[in-house]
Amino acid sequence: MTDEIDLGDTDELPALSARSVQLAMAAGDADAAAAAAPRKGRTLVAADQLGKYFPVQPGLFARASKVVRAVDGVSLRVRRGETMGLVGESGCGKSTLGRLLLRLVEPSFGRVVFEGRDILPLRASEMRPLRRRMQIIFQDPYSSLNPRLTVREAVSEPIRIHKLAANRDDEEAQVEALLKKVGLRPEMMDRYPHEFSGGQRQRIGIARALAVRPDFIVCDEPISALDVSIQAQIVNLLEDLQDELGVAYLFISHDLNVVEHVSDRVAVMYLGKIVERAPARALYESAHHPYSRALLGAIPSADATKRRLRVLLQGDVPSPIDPPSGCAFHPRCPRSVKGTCDRETPPLVARADDPHHHVACWNPQ
Ligand SMILES: Nc1ncnc2c1ncn2[C@@H]1O[C@H](COP(=O)(O)OP(=O)(O)OP(=O)(O)O)[C@@H](O)[C@H]1O
Ligand code: SF4
Ligand SMILES: [Mg+2]
């Protein structure tokens, strides 16, 4: 048994940025708005200086073994009912961070705190009830579904594992209700994954994740394998489910427009570290880290009034096996200060003009 951990209060969410609060306000439902606001205020899951270094097999001529610094000292909170967007170039550690939060990957250092409890010292039997509450939705719904299980079996499996049904009838009713919730018809229950389209398979994956009534879901590129026409449907489904069930998401995506649309807050990762974190609107309207500005400036936008600074990212992402000294972005950064940026790692700190906006940069814009 571990003691409740207080991680301090450095990562606040402005209460009224919550989408469900806005929806309730728009509908003139002040009570629902008031009820939704505090639900999003409390930390559900937190990373505290979390890191994962993967060992790399030494090559034929290399003597010493090396490590990939996939996640390198990340602190991040996800609050109840909120969506935290996570963006960054390929290989910067987004999926590894998501898996670390679920303890699907064991960290090299740091802590993962779920509802105030450090989950890393917990044994498998102690983790089991928590596993039910933390789920993942994968990019490729086909490979994440067992081709030999019907939809009924796939969705009822987690219900059975976690003993969430009183009897077979109750289990059947739960599966039917879940399929309805994700927009699939009950008569589809006895079909196999290959009989469905990509969008339908992702709906089955979402039903499976929801079957155990989770509080937190890591959505790892949940729409990138789908046709563009289907993507909006799945995004809307995830948002509706959040409004209904109060589930929190870590939403990982390469589609920066979708991340802006779904997220309460967004964190930008570069080579295993968070370089900027802010409420979504603040970040997209005025990013301060040169990397975020370059990344967001690359979004094709129909809205000319946004006037995003378009800076092209130069060069490739450096290897996480041997990251650059100081600020890892310095070899690509137009604002790099010689003698500082190449020597000292900038900490992620709140801006003086906005305590909700955190930036790791010696010379921010
Ligand atoms: N099991 C592993 N063993 C060794 N290296 C790994 C392992 N998993 C990930 N890595 C490395 O860790 C780094 C981060 O990988 P990760 O998959 O977390 O990045 P990502 O941001 O999710 O990338 P993408 O956007 O392409 O999905 C990469 O360099 C990757 O090659
Ligand atoms: S710390 Fe220096 S190199 Fe890094 S992003 Fe800021 S200005 Fe650029
Ligand atoms: Mg990934």
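The values are calculated or read from the model by the stated rules, or taken from the named source; none is laboratory data. If you're wondering where the values come from, they're calculated on a predicted model, not measured in any experiment. Here Cβ is always computed from backbone atoms with ideal geometry, including for glycine, and neighbour counts include all displayed protein chains.
Which fully enclosed helices (runs of 4 or more DSSP H) of region 4-121 have 3 or more residues being at pLDDT 65 or above? Walk me through how you get there before you give the answer.
Working: elements: 19-26, 30-39, 94-101.
Correct list: 94-101.
The listed residues are S143, S125, and the only one of them that is without any contact (Cβ under 8 Å) to a residue 24 or more places away in the chain, over 20 Å from F251 (Cα atoms) and not hydrophobic (A, V, I, L, M, F, W, C) turns out to be S125.
Looking at P147, P158, P129, can you tell me which residue is under 13 Å from L210 (Cβ atoms) and away from ligand 3 (no atom under 16 Å from the Cβ)? Reasoning before the result, please.
On the way: P147 fails: under 13 Å from L210 (Cβ atoms); P129 fails: under 13 Å from L210 (Cβ atoms).
Result: P158 is the single residue among P147, P158, P129 that is under 13 Å from L210 (Cβ atoms) and away from ligand 3 (no atom under 16 Å from the Cβ).
Restricting attention to region 276-290, the residues that are basic (K, R) and farther than 20 Å from S75 by Cα add up to 1.
When the residues of region 324-343 are filtered to those that are closer than 15 Å to D72 by Cβ and surrounded by fewer than 20 Cβ atoms within 10 Å (Cβ to Cβ), the one that is farthest from ligand 1 (Cβ to nearest atom) is G326. Out of the residues in region 65-94 meeting the condition of being under 22 Å from F114 (Cα atoms) and within 16 Å of ligand 2 (Cβ to nearest atom), tell me which one is surrounded by the most Cβ atoms within 10 Å (Cβ to Cβ). If we take residues in region 65-94 being under 22 Å from F114 (Cα atoms) and within 16 Å of ligand 2 (Cβ to nearest atom), then D72 is surrounded by the most Cβ atoms within 10 Å (Cβ to Cβ).
Residues R160, R201: which one is of a type in the set (K, R), over 21 Å from the mean Cα position of the chain (by Cα) and either in a helix (DSSP H, G or I) or within 16 Å of ligand 2 (Cβ to nearest atom) (or both)? Please lay out each step first, then the result.
Working: R201 fails: over 21 Å from the mean Cα position of the chain (by Cα).
Testing whether each residue is of a type in the set (K, R), over 21 Å from the mean Cα position of the chain (by Cα) and either in a helix (DSSP H, G or I) or within 16 Å of ligand 2 (Cβ to nearest atom) (or both) leaves just R160.
Does region 250-259 contain any residue that is within 16 Å of ligand 1 (Cβ to nearest atom), in contact (Cβ under 8 Å) with a residue 60 or more places away in the chain, of a type in the set (S, T, Y) and not in a loop (DSSP other than H, G, I, E, B)? Within region 250-259 (the criterion being within 16 Å of ligand 1 (Cβ to nearest atom), in contact (Cβ under 8 Å) with a residue 60 or more places away in the chain, of a type in the set (S, T, Y) and not in a loop (DSSP other than H, G, I, E, B)), the answer is no, since none of the residues qualifies. Number of residues in region 178-200 that are modelled with pLDDT of 90 or more, touching a Pro at 6+ places or on another chain (Cβ under 8 Å) and closer than 29 Å to G88 by Cα equals 0. Taking first residues from region 204-231 that are in a helix (DSSP H, G or I) and partners that are among the acidic types (D, E) and more than 16 Å from ligand 2 (Cβ to nearest atom), the Cβ contacts under 9 Å between residues at least 6 apart in sequence or on separate chains come to R208/E157; Q231/D255. When region 242-255 is filtered for residues that are in contact with a strand residue (DSSP E or B) (Cβ under 9 Å, 6 or more places away or on another chain) and either on the phi > 0 side of the Ramachandran plot or buried (at least 19 other Cβ atoms within 10 Å of the Cβ) (or both), the ones remaining, listed by number, are Q242, V247, A248, Y249, L250, F251, I252, S253. Applying the set (1) under 19 Å from V74 (Cβ atoms); (2) touching a residue at least 24 places away in the same chain (Cβ under 8 Å); (3) hydrophobic (A, V, I, L, M, F, W, C) to I119 leaves exactly one unmet item: (2). Filtering region 179-204 to residues that are surrounded by 14 or more Cβ atoms within 10 Å (Cβ to Cβ) and among the small types (G, A, S) leaves G183, G198, G199.
Among the residues of region 265-289 satisfying the criterion of being charged (D, E, K, R) and surrounded by fewer than 24 Cβ atoms within 10 Å (Cβ to Cβ), which is nearest to the chain's Cα centre (by Cα)?
So, considering only residues that are charged (D, E, K, R) and surrounded by fewer than 24 Cβ atoms within 10 Å (Cβ to Cβ), the one nearest to the chain's Cα centre (by Cα) is R281.
Kindly indicate whether P186 is of a type outside the set (S, T, N, Q) and within 16 Å of ligand 1 (Cβ to nearest atom). Let's see the steps before the verdict.
Working: of a type outside the set (S, T, N, Q): yes; within 16 Å of ligand 1 (Cβ to nearest atom): no.
The answer is no for P186.
May I ask you to verify whether R123 is away from ligand 3 (no atom under 16 Å from the Cβ) and closer than 21 Å to R80 by Cβ? Step through it out loud before you land on a result.
Details: away from ligand 3 (no atom under 16 Å from the Cβ): yes; closer than 21 Å to R80 by Cβ: no.
Spelling it out, it is not the case that R123 is away from ligand 3 (no atom under 16 Å from the Cβ) and closer than 21 Å to R80 by Cβ.
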